[in-house]
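Worksheet: the structure to be examined is printed underneath.
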Amino acid sequence: MVRHAEPGTVDRIESGGGPLIAVPEAVLPFWTGADGEETASDYDRACEVDGAVGLPPVGDFAAPVLGDDPASTACLPDHAAFVGRRAADSEDELPAGVPEAHRTARWEPEVCRRVPGPVLLFDADRPGSDCARTDHVRVALDPGRYAVRAAEVRPGPETWLNVVQLRRLTDR
């Protein structure tokens, strides 16, 4: 896994070959990654995600799994989005392509989930309890309900991006 966090750049993370997952800090110990004792591990469940995003349960919450592609993924807080590069000439196209991606996206149906606070984005094969010792990106989220939606977009002829957007909902 590689994390790019040089000054003036966007935090990016890559997996070792499987999907990335964003687990709320409050339930990190419940994510066992590939180390589970069950017939199907948490990692196996993450790999079964069909589409750009899935939401398997982790403790009492759901954790977004960012597809089944180990694409270099950037966290873009200004857009409340994770953007995975499927194809692009450079990493710089990730943030640059987001405004166009939002305008042209054909979003999959969104789902609503309660988030207890900040999440850690990391390789789904790792146990949540090991996050402090492995590469991850921390995403500051306020507790509350969020709509999660995803799309595969092509903002340019040679640029394909997976976009997963989190939108804060008003509590009712």
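A few comments on the model shown:
- Distance between modelled label sites at Asp35 and Arg106, nm, 7 Å Cα→Cβ extension: 4.2
- In Hz, Karplus ³J(HN,Hα) per residue of the range 101-116 (6.51, -1.76, 1.60; θ = phi - 60°; x = Gly, Pro): 4, 5, 6, 9, 5, 9, 5, 5, x, 7, 10, 10, 9, 8, 10, x
- Least to most buried among Thr73, Thr170 (fewest other Cβ within 10 Å first): Thr170, Thr73
- Ordered by the count of other Cβ atoms within 10 Å of each Cβ, fewest first, Ser41, Ser129 give Ser129, Ser41.
- Neighbour counts of other Cβ atoms within 10 Å put Val111, Val139, Val98, Val119 in the fewest-to-most order Val111, Val139, Val98, Val119.
- ³J(HN,Hα), Karplus 6.51/-1.76/1.60, whole Hz, each residue of the range 72-82, x for Gly, Pro: 4, 10, 9, 9, 10, x, 5, 10, 6, 9, 9
No lab work stands behind these numbers, since they all come straight from the coordinates. Nothing here was measured: the structure is a model prediction, and the numbers come from that model. Every residue, glycine as well, gets a Cβ built from its backbone with ideal geometry; the counts of neighbours run over all protein chains shown.
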